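Trainee: One structure follows; several queries about it will come next.
The values are calculated or read from the model by the stated rules, or taken from the named source; none is laboratory data. None of these values were measured; they are calculated from a predicted model. Because the Cβ atoms are built from the backbone with ideal geometry, glycine has one as well, and the counts that use them run over all protein chains shown.
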Amino acid sequence: MAHNMEIGGELADLGEFGLIKRVTAKVKIKNESTIKGVGDDCAVLNYPDKRVVVTTDLLTEGVHFNLVYVPLKHLGYKAVSVNVSDICAMNAIPRQITVSLAISSKFTVAAIDELYEGIHLACSHYGVDLVGGDTTSSLTGLTISITAIGEAEDAELTYRSRAKPTDLLCVTGDLGGAYLGLQLLERENELFRMNPTVQPQLAGYDYILGRQLKPEARTDMREIFKMLELKPTSMIDISDGLSSEILHLCEDSGVGCRLYEERLSFDPQTKKMAEEIHINPLVAALNGGEDYELLFTIPIGEHEKVRNHPDITVIGHMTSKEEGTLLVTSGGGQEIPLQAQGWNPLKSD
């Protein structure tokens, strides 16, 4: 499973100017708001009568990704996706990104080409312009920092802070898959490390592997909300696990919540992998993270608009702050306080 980066020319031979020229050669401007992209001291952007949203995300080798089993092309794509996801959580349109790298001497020109192939693919898919960044050397591996810029009308923007105690809590897609995809990769990597002749057993798990290696930001939801004539009262993307994101919404909005276990849906591959490693898929959803679905609240009177939507599930409702932030379990309906690190049934009162 080892990722081969011992091919291609040396980065030192290319030099910083040569590297910048190489990784920006494929850049084509797609957005009218991009007046000047790469090639000057600063990018120049124009957003007349719009609100501009900005987000930054940092990915570090050994902390956020393991290059033994993460292809660099997938890593480049994912690095863009996770930033675009934050723009989606504001109900805004992603327009531009900057990409900064700290690169160690173990990386070849071919390896950086592969990384940028994923970055350019994501830019094309999401319709964003690469307008700048920086490169520097690293003593410890690879670090990627991406800043994403988006736009929206002021009335369209959603925040974490405007949920009401009677609102419904909704989520897009399904949860837990990215965490279980990671568990699968870690398991197979450990088996490979112990015996390099063993081939990884990944067949039948393409969905959860894709959820981990190549997540997609929910850029489609902005148009879906428009079509449903629906504006979320609050919204956040699920990067750190459902528990943490619910607690963010509750804290910022000054409300409580009841999350119903029975309302959560899981992909069959997620359930199968959870069974293999003897965990409840609920734990993966609550604590796993990296699903990059959208968690949002809507007024209770808007329930009919989402009730039959195939990609939106009502999973709970907001309450007064005094009622707490609770998981209501299936079956007996036991109420358990949500925690930022997931559900801990052994925690004493």
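Trainee: For residue 186, which of the numbered conditions (1) in a helix (DSSP H, G or I); (2) at pLDDT 95 or above fails to hold?
Mentor: Only one criterion in (1) in a helix (DSSP H, G or I); (2) at pLDDT 95 or above is unmet by residue 186, namely (2).
So that you can scan it fast, the table gives a plain yes or no per residue for (1) of a type outside the set (A, V, I, L, M, F, W, C); (2) not assigned by TED's automatic domain parsing to the domain that holds residue 81:
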| position | (1), (2) |
| --- | --- |
| 130 | no, no |
| 138 | yes, no |
| 144 | no, no |
| 147 | yes, no |
| 151 | yes, no |
| 163 | no, yes |
| 176 | yes, yes |
| 186 | yes, yes |
| 189 | yes, yes |
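Trainee: Quick one: which residue in 199, 212 is more than 19 Å from the chain's Cα centre (by Cα) and either within 25 Å of residue 238 (Cα to Cα) or without any contact (Cβ under 8 Å) to a residue 12 or more places away in the chain (or both)? Break it down stepwise before answering.
Mentor: Numbers: 212 fails: more than 19 Å from the chain's Cα centre (by Cα).
Answer to the selection: 199.
Trainee: Quick check on residue 240: is it closer than 30 Å to residue 149 by Cβ, modelled with pLDDT under 95 and not assigned by TED's automatic domain parsing to the domain that holds residue 124? Even if it seems obvious, please write down each step before you answer.
Mentor: Values: closer than 30 Å to residue 149 by Cβ: yes; modelled with pLDDT under 95: yes; not assigned by TED's automatic domain parsing to the domain that holds residue 124: yes.
For residue 240, the condition - closer than 30 Å to residue 149 by Cβ, modelled with pLDDT under 95 and not assigned by TED's automatic domain parsing to the domain that holds residue 124 - is met.
Trainee: Given the options 227, 221, 273, name the one that is hydrophobic (A, V, I, L, M, F, W, C) and surrounded by fewer than 15 Cβ atoms within 10 Å (Cβ to Cβ).
Mentor: Numbers: 221 fails: surrounded by fewer than 15 Cβ atoms within 10 Å (Cβ to Cβ); 273 fails: surrounded by fewer than 15 Cβ atoms within 10 Å (Cβ to Cβ).
Step by step, each of 227, 221, 273 is checked, and only 227 is hydrophobic (A, V, I, L, M, F, W, C) and surrounded by fewer than 15 Cβ atoms within 10 Å (Cβ to Cβ).
Results for (1) modelled with pLDDT of 95 or more; (2) crowded, with 18+ Cβ neighbours inside 10 Å; (3) within 30 Å of residue 187 (Cβ to Cβ), shown as yes or no for each residue.
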{"site": "43", "(1), (2), (3)": "no, yes, no"}
{"site": "46", "(1), (2), (3)": "no, no, no"}
{"site": "75", "(1), (2), (3)": "yes, yes, yes"}
{"site": "93", "(1), (2), (3)": "yes, yes, no"}
{"site": "108", "(1), (2), (3)": "no, yes, yes"}
{"site": "122", "(1), (2), (3)": "yes, yes, yes"}
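Trainee: Going through the stretch 301-335 one residue at a time, which ones are aliphatic (A, V, I, L, M) and either more than 21 Å from residue 230 (Cα to Cα) or assigned to a loop (DSSP other than H, G, I, E, B) (or both)? Step through it out loud before you land on a result.
Mentor: Step one: filter the stretch 301-335 for residues aliphatic (A, V, I, L, M), giving 306, 312, 314-315, 318, 326-328.
Within the stretch 301-335, 326, 327, 328 qualify.
Trainee: Quick test of your reading of the structure: residue 64 fulfils all but one of (1) modelled with pLDDT under 95; (2) surrounded by fewer than 15 Cβ atoms within 10 Å (Cβ to Cβ); (3) closer than 26 Å to residue 240 by Cα. Name the failing condition by number.
Mentor: (2)
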